[in-house]
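To keep things clear, I will list the structure first and then write my remarks on it.
The values are calculated or read from the model by the stated rules, or taken from the named source; none is laboratory data. A quick note: this is a predicted structure, and the numbers were derived from the prediction, not measured. Quick reminder, even Gly has a Cβ in these numbers, built from the backbone with ideal geometry, and neighbours come from all protein chains shown. Note: accessible area is taken over every heavy atom of the protein model, side chains too, but ligands, DNA and RNA are not part of it. Shrake-Rupley method; radii C 1.70, N 1.55, O 1.52, S 1.80 Å.
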Amino acid sequence: MRDDGLIGTIEWAAAGRALPGQRVSGDRAVVLDAGGDSVLFAVLDGLGHGAAAADAADRAAQVLSDNRAEPLDVLALLCHRALAETRGAALTLALFDSGDRVHWLGVGNVESRIVAAAPGTLAVRATALLTAGIVGYRLPPNLQTQTVPVRAGDLLLMATDGIVSDFADTVDLSRPTSEITADILAGYSKDTDDALVLAARNRGHTGPVQ
């Protein structure tokens, strides 16, 4: 699975694949225009793999689509209720707003980082704080949304646990997000699980990143 696009000033792409030998993946990327120059990104990882994992991820994706303007903690709660009779899922939400900020919230082990250029290297400017739990089975009582500033050229990376954790180490920020996600999927995916990576870049309000 590969998909990409542009919503407002946000360039994005996602790439994923099922566990080798399986026909469907339980990992999903959700990209939604949330109104008011805001863009909602979500990465879902249905527990396990196969059709049951895909069902959990698909139900949560539909909830997000139907309620995209709600606050992130409300979205997590709505997904939790909708997944009560499924295997459950890990979920991380990230909202780019019109004020050059990202608001994010995670339950489970979908990793999210904001990567920026630094002299001679890359810098991880922020990492989403993940809370233990399973959406649909056990939700933390006090979900906390974090807010971090983003600058033109900053790159949000979100990945399921089917991607090796050092996936951001060799990212070339000069490349399109579609190439970045394809390279991460090809070079960092595990053979023991579904895998998915999403990248979103804030291009700023004055044109493409130089």
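Quick notes on this one:
- The residue of the range 165-187 that is farthest from Pro20 (Cα to Cα), among those that are surrounded by 12 or more Cβ atoms within 10 Å (Cβ to Cβ) and at pLDDT below 90, is Asp169.
- Applying the criterion of being part of a loop (DSSP other than H, G, I, E, B) and free of Cβ contacts under 8 Å to residues at least 60 places away in the same chain to the residues of the range 153-164, the residue that is surrounded by the most Cβ atoms within 10 Å (Cβ to Cβ) is Asp154.
- Just one residue in the set Leu44, Leu77 is aliphatic (A, V, I, L, M), more than 16 Å from the chain's Cα centre (by Cα), over 25 Å from Gly153 (Cβ atoms) and modelled with pLDDT of 95 or more; that residue is Leu77.
- Each residue in the range 59-72 was checked for being surrounded by 16 or more Cβ atoms within 10 Å (Cβ to Cβ) and touching a residue at least 24 places away in the same chain (Cβ under 8 Å), and 6 pass.
- Applying the criterion of being under 17 Å from the mean Cα position of the chain (by Cα) and open to solvent by 20 Å² or more (accessible area, probe 1.4 Å) to the residues of the range 109-118, the residue that is farthest from Gly133 (Cα to Cα) is Arg113.
- Selection within the range 7-30 - assigned to a strand (DSSP E or B), of a type in the set (A, V, I, L, M, F, W, C) and either open to solvent by less than 20 Å² (accessible area, probe 1.4 Å) or at pLDDT 95 or above (or both): Ile10, Trp12, Ala13, Ala14, Ala15, Ala29, Val30
- Test: residue in the range 131-151 that is in a loop (DSSP other than H, G, I, E, B), over 12 Å from the mean Cα position of the chain (by Cα) and hydroxyl-bearing (Ser, Thr, Tyr): yes
- Ala199 open to solvent by 80 Å² or more (accessible area, probe 1.4 Å), small (Gly, Ala, Ser) and outside any loop (DSSP other than H, G, I, E, B): no
- Checklist (1) surrounded by fewer than 15 Cβ atoms within 10 Å (Cβ to Cβ); (2) modelled with pLDDT under 95 applied to Asp4, failing item: (1)
- Conditions (1) closer than 23 Å to Leu6 by Cβ; (2) in contact with a Leu (Cβ under 7 Å, 6 or more places away or on another chain); (3) of a type in the set (Asp, Glu): number failed by Asp97: (2)
- Screening Ala128, Ala123 for residues that are hydrophobic (A, V, I, L, M, F, W, C), open to solvent by less than 20 Å² (accessible area, probe 1.4 Å) and without any contact (Cβ under 8 Å) to a residue 40 or more places away in the chain leaves exactly one candidate, Ala128.
- Scanning the range 73-103 for residues that are aliphatic (A, V, I, L, M), under 21 Å from Leu130 (Cβ atoms) and surrounded by fewer than 18 Cβ atoms within 10 Å (Cβ to Cβ) yields Val74, Leu77, Leu78.
- Check on His103, outside any helix (DSSP H, G or I) and modelled with pLDDT of 95 or more: yes
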